[in-house]
Amino acid sequence: MAVARMNMNCSIQSSLSCILKPSSFFNFRTTHFRNRVFPTGNNFVAPKRSLLCTCSSNGNSNAFQTGEKAEPFVVTTPLYYVNAPPHMGSAYTTIAADAIARFQRLLGKRVVFITGTDEHGEKIATAAAAGGSGPREHCDVISQAYKMLWNDLDIAYDKFIRTTDPKHEAIVEEFYSRVLANDDIYRADYEGLYCVNCEEYKDEKELLENNCCPTHLKPCVPRKEDNYFFALSKYQKPLEEILAQNPDFVQPSYRLNEVQSWIKNGLRDFSISRAAVDWGIPVPNDNKQTIYVWFDALLGYISALLEDKDQPNLQSAVSSGWPASLHLIGKDILRFHAVYWPAMLMSAGLSLPKRVFGHGFLTKDGMKMGKSLGNTIEPNELVDKFGADAVRYFFLREVEFGNDGDYSEDRFINIVNAHLANTIGNLLNRTLGLLKKNCQSTLVVDSSIAAEGKEFKDTVERLVEKARIHYENLALSSACEAVLEIGNAGNLYMDKHQPWSLFKQGGDAFEAAAKDLVIILETMRIIAIALSPVAPSLCRRIHAQLGYSEDQFDNLNWVHTLSLFLNIVKTKWGGLKGGQVMAQPKPVFARIEQIKENENGGAEAPKKVVKKKEEKATGSRGDRSLGVPISEDSLPLMSFGPQSVEISLTLSIHHHDDTSTAIYPRVSMLRSCISGMKSGVCEAISEVYVW
Ligand code: MSP
């Protein structure tokens, strides 16, 4: 049985702390860290809610904040270990953070979105050695892989911090000295079971058979070390009080219960240095030890705030936006963020972050997807196959933020096709098609006039407000759902009013149909704003189809979705104006099709998945225009044999003058799609692709 034993054996660090306590330090701290908790020896003055100001409600009070003076919204992802390239699990947190950051920017807030890489410690050094490179070179390569993936996933971060950055190292050293000056660091022996993947000593009772770590399923190893310790136990009471007074500090609420029960069971001091690890920041005044990777990495949230011109010290960093508004993390690192980190900050006299949100895991076959278990999904492959919007939308829509979620390719394709290609893409495309045919792609009237007295406009406004509240509450899946409801409402409106028939009737009916199209296109404009945090490129394409420029998309604001918000009177249902010319209709989101590699292979046959780039799908129009009436005989594609080649043709189908465009990779699909139609015209609008 492993023994966890700790002896206070040395007072070097505590005696140093006296030297490091200049009287000016107190002034400095009270001036610049107004929200600090004041330590008085080993006892704490209980923080008053208003003084500590650790947690603001996540409600709506700050919505639509504008202006440079306003507090920034600082959102962070964890700093990812660079022992291996990113996988879908790591991408998940970053996608969510990006959606939240984009939403906050839409509210007019100044946002600082921080991400980065955690580059010190034993497992990084081991991974570098295994790959035959030095740790620095290894970190450069993997850190770059993260940046490239973020670029491919449309992640618009503001700060990327690497924990090997000398400025970060200076911040860690200063922070360590402050904690030391507060008498919270002492030296002791420790013996226990260590999980290298978690970089953490474990309690035997939390381990599985053979002392395996429950997260990484690998045996923990016995370790005995002479380390420096952080006096976490001193912070038990203040932490209990903070959590009691600020129930929103840890979210979702069920994770708060977990944190409270850890604390209630008693907090043990933890070791913050490693004697056996060279690859790290040396402990100030003892270069035989390096600082524990977590004590180092958490400070990245503060050092990331430094501007290039800044001196690398805590004062500069903190004045650029600390405390963070929101730490987004996975549930496995909750203890570090909701217990260790606040205690460290209190010890150093710094404000606590306002909110820590612990999301669930992406799993494969029920197990956490991860580098250690080797059961990952390659985000690069997903992005290459399906595009960033589809990947972002699927994971945010499918996995309720906070819960675990399993990935399945079939489900991915079904969701993305149904929501993005059909409900949203097709609504836009068929409306623009009708407008082109009947109104020369020009809006006949302002959208505000078109919607006068229509309940439909109220429905859209109610739903967009619902989406806003869900975004505010980090209910990202529900926010997507509310936007999709707008699309559904738009499709229902079209089906009910049948503008294609009204156009044929002429006179007042024609006018009503032209107004209906304006209403739907205004709805699409609102969707393009409301879904842009989740699917930014798709929304940019939608916006461009409505005749807007790139700059106009970049300057969008959530108030542009509303007709009236509080006292900000901006008639924003009504963004589209009469006379505005729409772009040529092009599919904004191409359907993904699954093709069995072997037609005779039955249900188990491997499938090949095809998604054409939207640009390709909308490519050269005209020269292959078939313009033939639909009948099985007249479709020239029918001559292909069932298994010989796979073909895909982008077709525009005019059925009773309602135009829809879709990609049909197989003749049989096209055949079944048109079989219910009595008449119509099928027009090819792009090249035939042959695989
Ligand atoms: N380096 C630390 C974090 C330090 S923050 C100051 C670390 N890195 S990590 O690369 O192992 O994990 C980073 C994040 O990715 C964690 O929030 C973790 O929960 C998340 N995920 C890793 N695998 C995941 C899934 N399969 N699903 C969802 N998120 C997962 O911990």
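Per-structure values
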| quantity | calculated |
| --- | --- |
| Verdict on ALA97 being aliphatic (A, V, I, L, M) and touching a Gly at 6+ places or on another chain (Cβ under 7 Å) | no |
| Pair list, Cβ < 6 Å and 6+ apart or interchain, from the stretch 329-348 residues that are closer than 13 Å to LEU239 by Cβ and modelled with pLDDT of 95 or more to residues that are more than 10 Å from the ligand (Cβ to nearest atom) and open to solvent by 10 Å² or more (accessible area, probe 1.4 Å) | SER347/ASN182 |
| Residue match in the stretch 222-245 (condition: touching a Ser or Thr at 6+ places or on another chain (Cβ under 7 Å), assigned to a helix (DSSP H, G or I) and not small (Gly, Ala, Ser)) | yes |
| From ALA509, ALA467, ALA514, ALA451, residue being hydrophobic (A, V, I, L, M, F, W, C) and surrounded by fewer than 20 Cβ atoms within 10 Å (Cβ to Cβ) | ALA509 |
| Condition met for ASP389 (closer than 27 Å to GLU485 by Cβ, at pLDDT below 95 and part of a helix (DSSP H, G or I)) | no |
| Any pair with Cβ under 9 angstrom, 6 or more apart, that starts in the stretch 355-369 at a residue that is within 16 Å of SER90 (Cβ to Cβ) and ends at one that is near the ligand (Cβ under 7 Å from one of its atoms) and of a type in the set (Lys, Arg) | GLY358/LYS331; HIS359/LYS331; GLY360/LYS331; PHE361/LYS331; PHE361/LYS368; LEU362/LYS368 |
| Flag for ALA348 being closer than 23 Å to TRP150 by Cβ and in contact with a helix residue (DSSP H, G or I) (Cβ under 9 Å, 6 or more places away or on another chain) | no |
| Where PRO219 falls short, out of the listed (1) open to solvent by 60 Å² or more (accessible area, probe 1.4 Å); (2) closer than 24 Å to ASP308 by Cα; (3) in contact with a helix residue (DSSP H, G or I) (Cβ under 7 Å, 6 or more places away or on another chain) | (2) |
| Check on ILE526, open to solvent by 10 Å² or more (accessible area, probe 1.4 Å) and under 30 Å from ALA101 (Cβ atoms) | no |
| Answer from SER549, SER537, SER563, SER532 - the residue that is within 23 Å of GLU472 (Cβ to Cβ) and at pLDDT 75 or above | SER532 |
| Boolean, ASP140 is of a type in the set (D, E, K, R) and near the ligand (Cβ under 9 Å from one of its atoms) | no |
| Tabulated pairs, the stretch 137-159, first surrounded by fewer than 17 Cβ atoms within 10 Å (Cβ to Cβ), second assigned to a helix (DSSP H, G or I) and basic (Lys, Arg), C-beta under 9 angstrom, 6+ apart or interchain | ALA156/ARG102; ALA156/ARG105 |
| Extreme residue, modelled with the lowest pLDDT, among residues of the stretch 355-366 that are open to solvent by 30 Å² or more (accessible area, probe 1.4 Å) and more than 9 Å from the ligand (Cβ to nearest atom) | ASP365 |
| Considering residues of the stretch 386-421 that are open to solvent by 20 Å² or more (accessible area, probe 1.4 Å) and farther than 24 Å from LEU474 by Cβ only, the residue farthest from the ligand (Cβ to nearest atom) | ALA418 |
| Qualifying residues in the stretch 278-320 (those that are open to solvent by less than 10 Å² (accessible area, probe 1.4 Å) and more than 16 Å from the ligand (Cβ to nearest atom)) - the one farthest from the chain's Cα centre (by Cα) | GLN289 |
| Check on LEU427, modelled with pLDDT under 95 and either surrounded by 22 or more Cβ atoms within 10 Å (Cβ to Cβ) or within 16 Å of the ligand (Cβ to nearest atom) (or both) | no |
| Members of the stretch 322-350 that are within 20 Å of ASN182 (Cα to Cα) and open to solvent by less than 10 Å² (accessible area, probe 1.4 Å) | VAL339, TRP341, PRO342, ALA343, MET344, LEU345, MET346, SER347, ALA348, GLY349, LEU350 |
| Criterion: in contact with a Lys or Arg (Cβ under 7 Å, 6 or more places away or on another chain), under 29 Å from ALA583 (Cα atoms) and in a helix (DSSP H, G or I) - qualifying residue of ASN417, ASN426, ASN438, ASN422 | ASN417 |
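Yes/no matrix, rows are residues, columns are (1) free of Cβ contacts under 8 Å to residues at least 60 places away in the same chain; (2) assigned to a helix (DSSP H, G or I):
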position	(1), (2)
ILE263	no, yes
ARG268	yes, no
VAL277	no, no
TRP294	no, yes
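The values are calculated or read from the model by the stated rules, or taken from the named source; none is laboratory data. From a predicted model like this one, the values you see are computed outputs, not experimental measurements. Neighbour counts run over all protein chains shown; Cβ positions are idealised from the backbone, glycine included. Areas reflect the complete protein model, heavy atoms only, side chains present, ligands, DNA and RNA absent. Shrake-Rupley method; radii C 1.70, N 1.55, O 1.52, S 1.80 Å.
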